[in-house]
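Colleague: The following block contains the structure, expressed as structure tokens.
What follows is calculated from the coordinates using simple rules that are stated; it is not laboratory data. What you see is a predicted model, and the numbers here were worked out from it, not measured in a lab. No Cβ is skipped: glycine too gets one built from the backbone with ideal geometry, and neighbour counts run over all protein chains shown.
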Amino acid sequence: MEKIKLNIALSGLNNIDSPGPGIPVTRGLKDSLLIDPKIIGLAYDNLEPGPYMHELIDKTYKVPYPSDGVEPLLDRIRYIHEKEHIDVLIPNFDSELFTFMKSERTLKEMGIRTFLPTLQQFEERHKSNLPQFGEKYGVKVPYSEPIGSIMDFRKIEDKFEYPVVVKGKFYDAYIAYDFEQVGIYFNKIAAKWGLPIVIQEFVKGTEVNVVALGDGNGNTIGAVPMRKTYITDKGKGWGGITLEDPVMLELTHKIISQTKWRGGMELELIRTSDNELYMIEINPRLPAWVYLAVAAGQNLPEALVMLAMEMPVKPFSHYEVGKMFIRYSYDMICDLKEFEQLSTKGEL
Amino acid sequence: MLKIKKNIAISDSGFVFDPGTGDSYSLNPTGLEIVQMIKSGKSFEEIFQDFATKYEVEEEAFEKYYYDFTTTLKQLRLTEPNGED
């Protein structure tokens with residue numbers, strides 16, 4: 001069967017020690033037996049490795065940060081679209097999802113397809129709304145409260161027992177053992193990611209994760225559970241292994257079916273010593289470890305693109321248990337000319 | 001009777017993989033022999049008889065090491081929760 005040629009724009013090319021999902025998503029697409037993708041990288045920084053990885057990224061354009069506003073970003077996408085005829089756009093950062101979701105209709109009118117969660121799905125799974133989410137869908141979640149200042153925490157301190165987890169609205173989480181540490185982490189995260197900060201009950205156990213894809217009608221297209229076998233000091237998985245865990249899969253199916261989740265997602269769960277599962281986060285996109293799912297037999301990036309193109313997708317029913325990934329770092333040698341081109345012209 | 005969980009994979013080299021947790025362990029040849037016997041449904045007495053014919057071992061010493069070993073298997077949750085010996 002002849003592969004379908006598609007121009008796919010995607011972000012998250014920061015394949016660094018805290019990697020974005022752009023490169024793993026690209027690897028999945030390049031492995032596809034159905035799609036022949038041209039990958040158009042959307043980069044925020046001249047030193048993101050992705051633009052220089054020419055065996056994966058065919059062309060890169062710098063884009064303005066979402067914080068610069070919707071219009072500058074859309075203007076830039078319009079320009080890129082004129083040159084590249086983008087078929088599908090996959091935003092891979094939490095921080096840019098809101099902007100792209102808001103612009104979904106405009107993008108569609110331009111002829112660019114996306115496959116993103118709805119605004120309601122995006123909002124209700126927010127860290128600050130997690131207790132309500134848990135109650136609504138019957139999922140165990142740790143108790144948490146959003147705070148806007150450290151004095152806000154003083155008022156609700158009695159509701160928590162130390163340690164607590166101090167979390168940013170998009171990224172970062174630290175375990176704090178007393179009020180002073182809460183203050184330190186509050187300031188550290190707020191300076192980087194803004195407010196609110198979420199204070200979450202600390203649940204002791206093993207962190208396990210699921211990468212999944214929902215079709216927007218309540219069906220789970222694919223889901224693969226994993227345990228991180230090596231965690232960096234930034235809390236990122238540097239190694240992982242796929243698990244046989246019907247309970248985690250059942251929970252994933254339940255959440256996708258009840259929320260009618262549309263798009264990729266990562267469930268972050270804690271399994272306690274009593275074998276209970278607590279959901280600590282839903283990330284509304286495919287995670288950086290998604291290539292493990294591809295290698296285990298579920299090419300979720302490919303399926304996401306097919307769904308965006310409104311092509312038929314058969315749900316995956318199997319994956320290989322015990323498939324491992326081990327991340328590594330690599331010093332890529334780059335030409336100054338290329339750096340110059342990306343820095344000055346914003347294209348490479 | 002002590003039972004190894006059905007989903008636990010044990011290779012001939014003594015590599016043990018628990019697909020539920022992703023944990024893996026290495027057994028020495030003696031440990032592997034015992035685990036394979038437990039897996040085939042043999043009781044403590046039967047396993048001791050097998051060992052006594054093959055190796056020079058006192059029952060008292062074997063019993064101590066056997067229960068130390070099976071306690072570790074239980075702690076690692078490699079055995080069925082209601083499996084007793």
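Colleague: In deg cm²/dmol, rounded to 500, what helix-only [θ] at 222 nm does chain A give when every DSSP H run of at least 4 residues adds -39500 (n - 2.57) and the total is split over its residues?
Modeller: Rounded to the nearest 500, it is -9500 deg cm²/dmol.
Colleague: Give me the net charge for the shell around residue A:309: Cβ to Cβ below 12 angstrom, other residues only, Lys and Arg +1, Asp and Glu -1.
Modeller: Result for the local shell: -1.
Colleague: When the dipole is taken about the Cα centre of the protein assembly as shown, and only Lys, Arg (+1) and Asp, Glu (-1) are charged at their Cβ, what size is it in debye, to the nearest 20?
Modeller: Roughly 1500 debye, rounded to the nearest 20.
Colleague: Taking K and R as +1 and D and E as -1, what net charge do the other residues with C-beta under 9 Å from the C-beta of residue A:117 add up to?
Modeller: For residues surrounding residue A:117, the net value is +3.
Colleague: Can I get the semi-axes of chain B's equivalent ellipsoid? Compute them from the C-alpha gyration tensor as square roots of 5 times the eigenvalues, in angstrom, largest first.
Modeller: Its equivalent ellipsoid spans semi-axes of 22, 14, 11 Å.
Colleague: Cα atoms only, segment A:1-49: Rg and Dmax in Å?
Modeller: Expressed in Å, the Cα Rg and Dmax of segment A:1-49 come to 11.9, 38.
Colleague: Oh, and also: Would you kindly compute the Cα radius of gyration of segment A:204-326 and its largest Cα-Cα separation (Dmax), both in Å?
Modeller: Rg and Dmax of segment A:204-326, Cα atoms, are 13.7, 43 Å.
Colleague: Also: Could you give me D for segment A:149-200, from Stokes-Einstein at 4 °C and 1.567 mPa s, where the hydrodynamic radius is the Kirkwood radius over C-alpha pairs? Units µm² s⁻¹, please.
Modeller: Rounded to a whole number, D works out at 122 µm²/s.
Colleague: Same structure again: Kirkwood hydrodynamic radius, computed over distinct alpha-carbon pairs, for segment A:1-159: how many Å, to one decimal?
Modeller: Hydrodynamic radius (Kirkwood, Cα pairs) of segment A:1-159 is 17.7 Å.
Colleague: Mind putting a number on the dipole of segment A:111-195 about its Cα centre? Charges go on the C-beta only, +1 for Lys and Arg and -1 for Asp and Glu, and I need it in Debye to the nearest 20.
Modeller: Here segment A:111-195 has a charge dipole of around 420 debye.
Colleague: Only helices at least 18 Å long along their own axis, judged from Cα atoms, and with Kyte-Doolittle mean hydropathy of -1.0 or greater: name those in chain A from DSSP H.
Modeller: A:70-84, A:179-193, A:246-259
Colleague: Right, another one. Considering the dipole of the protein assembly as shown built from charges on the beta carbon (Lys and Arg +1, Asp and Glu -1) around the Cα centre, which of A:53, B:57, A:16 is farthest to its positive end?
Modeller: My answer, from the dipole projection, is A:53.
Colleague: Report the far tail of the P(r) of segment A:82-224, meaning the percent of Cα-Cα pairs longer than 17 Å.
Modeller: Considering segment A:82-224, 69 percent of its Cα-Cα pairs are separated by more than 17 Å.
Colleague: Please report Rg over Rh for the protein assembly as shown, where both radii come from the alpha carbon positions and Rh follows the Kirkwood definition.
Modeller: Rg/Rh: 1.04.
Colleague: Let me ask another. By the scheme Lys and Arg +1, Asp and Glu -1, what is the net charge of all other residues having a beta-carbon under 12 Å from that of residue A:56? Walk me through the numbers on the way to the answer.
Modeller: Numbers: positive: A:27, A:30, A:38, A:59; negative: A:31, A:55, A:58.
Net of charged neighbours comes to +1.
Colleague: Here's a follow-up. Relative contact order, percent, of chain B when contacts are C-alpha pairs under 8 Å separated by at least 6 residues?
Modeller: 39
Colleague: Would you mind checking which residues have amide H under 5 Å from residue B:15's amide H? H placed 1.01 Å from N; only 5 or more apart, or other chain.
Modeller: B:27
Colleague: Okay, next question. Given the protein assembly as shown, what percent of its DSSP beta bridges are antiparallel, to the nearest 5?
Modeller: Percentage antiparallel, nearest 5: 75.
Colleague: Rank A:264, A:148, A:218 by mean-square fluctuation in a GNM of chain A with C-alpha springs under 10 angstrom and give only the top-ranked residue.
Modeller: Highest fluctuation of the listed residues: A:148.
Colleague: For chain A, what does the relative contact order come out to in percent, with C-alpha contacts under 8 Å and a separation of six or more?
Modeller: Rounded, it is 18 percent for chain A.
Colleague: Ranked highest first by average number of other Cβ atoms within 10 Å, how do B:27-39, A:277-289 line up?
Modeller: Working: B:27-39: 16.2, A:277-289: 22.4.
For the peptides B:27-39, A:277-289, the packing ranking is A:277-289, B:27-39.
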